[in-house]
Every structure is written in structure tokens, then in C-alpha cells.
Amino acid sequence: MARSPRVLSDPWSRLMFDASLLWADAGAVMMFRGWRMMAGGPAAAREAERMLSEKVQAGFELAGALATGKAATPHAVARKAISTYGKRVRANRKRLG
């Protein structure tokens, strides 16, 4: 019996799988944040402020990595972007969910 190929052993396949997980987690975070913001009050204001500051911080972190050459190939750039945003999205999903 032939063995099935290990699809996720290919770096690009693994990258796409991780991007899919990030996409799903981001959707959950948007839903949780939407509920919190619709409730209004101080918690909603804090969440909106936090959301904006996290995006700016992640953008600067990624830009710094790209500017210093820590990600030199297209795959490394994509991997760095997914890891940079992914760690924040996963933390928010855990915190909000």
C-alpha cells in the first residue's frame, strides 16, 4: 500500500495552513471585539484603543524585521508576517473568547 504524501512537509503548504489558521482566529477575534464594542462603555473604548495600538505595534515590528534583513526571501517575509500578526491574534482570541 502506497503512503500518502506528507502535504504539510512542503514549506509553502505549511505556510498556507498557518495562514488559514490565522484567518480563522482573526474572524473569531473580530466577532468577540464586535460584541464588546456593541456593549459600549469603558470596556469598548479600551478595546478600540487596544486594537489600534496592537496593529501599529505589529506593523512596526514587521517593518523593522524587513528593514534589517531578517526576512530576505518571499517565504521568510510571509512567515514573519504570519508569526508577527498571529501571536497577537491568538492572544486576543484567548483573552476575548
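Set side by side, the residues Ala65, Ala58 differ, and just one is in contact (Cβ under 8 Å) with a residue 24 or more places away in the chain, surrounded by 11 or more Cβ atoms within 10 Å (Cβ to Cβ) and either among the small types (Gly, Ala, Ser) or touching an Asp or Glu at 6+ places or on another chain (Cβ under 6 Å) (or both), which is Ala58.
When restricted to residues that are closer than 23 Å to Ala24 by Cβ and surrounded by 15 or more Cβ atoms within 10 Å (Cβ to Cβ), region 68-82 contains 6.
Each value in this text was obtained by applying a stated rule to the coordinates, not by laboratory testing. Owing to the predicted nature of the structure, the values given are computational and were not obtained by experimental measurement. Reconstructed Cβ throughout: ideal geometry from the backbone, glycine too, with neighbour counts over all protein chains shown.
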